[in-house]
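Since the structure comes first, as structure tokens, the remarks are kept for the end.
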Amino acid sequence: PTEESFQHLRVNLQFSSTDHGGKIISITSTVPQEGKTFCAYHLAVSMARAGQKVILVGADIRKPSLYKLAGIANEKGLTNYLVGQASEAEIVQRSEVPQLDIIPSGPIPPNPADLLSRPQLGTLLQHLGEAYDYVFLDTPPVGLVSDYMIVARHTDISLYVVRQGHSKLGFLRDLQKIKALTPSEKLFIVMNDIQLGMRSYYGRGYGQEAFPSAYGLSQIRRGTGGWEAMPPPRNE
């Protein structure tokens, strides 16, 4: 089941955040439809159900979709805060999941990159880091615009979602963009929608050749009974 797979992924992330002191976690991909928002939401839900106080921020302000997945309003959110039209308290919404709050992206602005570059974003994330155990950011795809690079400067850990049958090997160049902003031990790859029996293929094609060994790797593998999360290799 989806819930169980994200429990495994959540445990892996908790070990990693303990090792690296990570509280602010961004989730990105290269292009749309790779599952970054899906992974961000369900990972935040899993963390909240484990007793952690969690907030999920819709930082993809160009093409927001988190509010739809979470079933909340998007009239007021992150963009309103960044332009000074709303306070922090006014943009935080309680979700139907105990321990999980959400900040939707808000109205789409004409200047997303400029808005995310404002110091208010850093101030907000600092406050959220003090108030919550974990802060998850659903960010824009890294391969399309510069928005992710702006947001990544404020994060501790980056999760890069790759989807079987959709992502291309050429997308791996975007890992270098992320690596330039975050140390390699804080960058983890989540392989989404892996079909049963494809684990060895991805181990050869990605895990050993295309991905440096310093990267963590998690697989969300699709099987007959649902989804399964595979733990990342540990570097002893």
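Rule-based calculations on the coordinates, nothing more; no lab input. What you see is a predicted model, and the numbers here were worked out from it, not measured in a lab. All Cβ positions, even for glycine, are placed from backbone atoms using ideal geometry, and neighbour counts span all protein chains on display.
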Next item on the list: Of the listed pairs 36/179; 23/53; 23/63; 36/68, which have alpha-carbon separations greater than 21 Å here?
Entry: 23/63
Notebook entry, point to check: Restricting attention to region 85-117, which GluC sites (Glu not before Pro) occupy a DSSP loop and are surrounded by at most 16 other Cβ atoms within 10 Å?
Noted result: 96
Next item on the list: Could you list which residues have their amide H under 5 Å from that of residue 190, counting only those 5 or more apart in sequence or on another chain, with H placed in the peptide plane?
Entry: 160, 161, 162, 218
Margin query: Based only on Cα atoms, what mean projected area does the convex hull of region 25-118 have, in nm²?
Written below: 6.0 nm²
Next item on the list: Find the centroid of the Cα atoms in region 35-84 and in region 94-121, then give the distance between the two in whole Å.
Entry: 8 Å
Item checked: Radius 11 Å from Cβ of residue 40, net charge of other residues (Lys, Arg +1; Asp, Glu -1) -> -1
